[in-house]
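Beneath this line is the structure, given in structure tokens, with notes to follow.
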Amino acid sequence: VQLVESGGGLVQAGGSLRLTCAASGSIFSINAMGWYRQAPGKQRELVAAITSGRSRDYADSVKGRFTISRDNAKNTVYLQMNSLKPEDTAIYYCRMIGLNYWGQGTQVTVSS
């Protein structure tokens, strides 16, 4: 299984970005998927997760601003990020949770 993230970049505070994670293989639809992030000097943390049944969970810091979704027909999971803050700056990683596969990460930088 390969996970490839895209959609990161530089955005001003208050702006939006949409991250995409494309997965190879036929097992995508039965696995929970998650978005994690790691800021410099900090531990990697869970940002949002979505199960195969589309139940969602979010870190308190992003509730109401970020939305995770998935398209099983496209083997893709998304993270829509709105009202971005400088503290959202980090490398964002996609993970197939049950099998512990990780993508290479995509940088998100939010300027104040």
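The values are calculated or read from the model by the stated rules, or taken from the named source; none is laboratory data. These figures come from a predicted structure and were not determined experimentally. Neighbour counts run over all protein chains shown; Cβ positions are idealised from the backbone, glycine included. Surface accessibility is based on the protein's heavy atoms, side chains included, excluding ligands, DNA and RNA. Shrake-Rupley method; radii C 1.70, N 1.55, O 1.52, S 1.80 Å.
Summary table
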{"quantity": "Odd one out for Pro40, checked against (1) surrounded by fewer than 14 Cβ atoms within 10 Å (Cβ to Cβ); (2) within 17 Å of Leu3 (Cβ to Cβ)", "calculated": "(2)"}
{"quantity": "Identity of the residue in region 58-85, of a type in the set (Lys, Arg) and under 21 Å from Lys42 (Cβ atoms), that ends up least open to solvent (accessible area, probe 1.4 Å)", "calculated": "Arg65"}
{"quantity": "Strands (runs of 3 or more DSSP E) enclosed by region 1-79 - at least 3 residues per element that are of a type outside the set (D, E, K, R) and either modelled with pLDDT of 95 or more or more than 15 Å from Arg95 (Cβ to Cβ) (or both)", "calculated": "3-6, 9-12, 17-23, 33-38, 45-50, 66-71"}
{"quantity": "Flag if Gln104 is without any contact (Cβ under 8 Å) to a residue 12 or more places away in the chain, out of contact with any helix residue (DSSP H, G or I) (no Cβ under 9 Å at 6 or more places or on another chain) and in a loop (DSSP other than H, G, I, E, B)", "calculated": "no"}
{"quantity": "Hey, Ala48 within 17 Å of Gln2 (Cβ to Cβ), touching a helix residue (DSSP H, G or I) at 6+ places or on another chain (Cβ under 8 Å) and either open to solvent by 20 Å² or more (accessible area, probe 1.4 Å) or touching a residue at least 24 places away in the same chain (Cβ under 8 Å) (or both) or not", "calculated": "no"}
{"quantity": "Test for Leu99: is it of a type in the set (A, V, I, L, M, F, W, C), outside any strand (DSSP E or B) and open to solvent by 30 Å² or more (accessible area, probe 1.4 Å)", "calculated": "yes"}
{"quantity": "Flag for Asp88 being surrounded by 14 or more Cβ atoms within 10 Å (Cβ to Cβ), more than 15 Å from Thr20 (Cβ to Cβ) and of a type outside the set (A, V, I, L, M)", "calculated": "yes"}
{"quantity": "Among the residues listed as Ser26, Ser16, Ser55, the single one being of a type in the set (S, T, N, Q), closer than 20 Å to Gln2 by Cβ and loosely packed, with under 14 Cβ neighbours inside 10 Å", "calculated": "Ser26"}
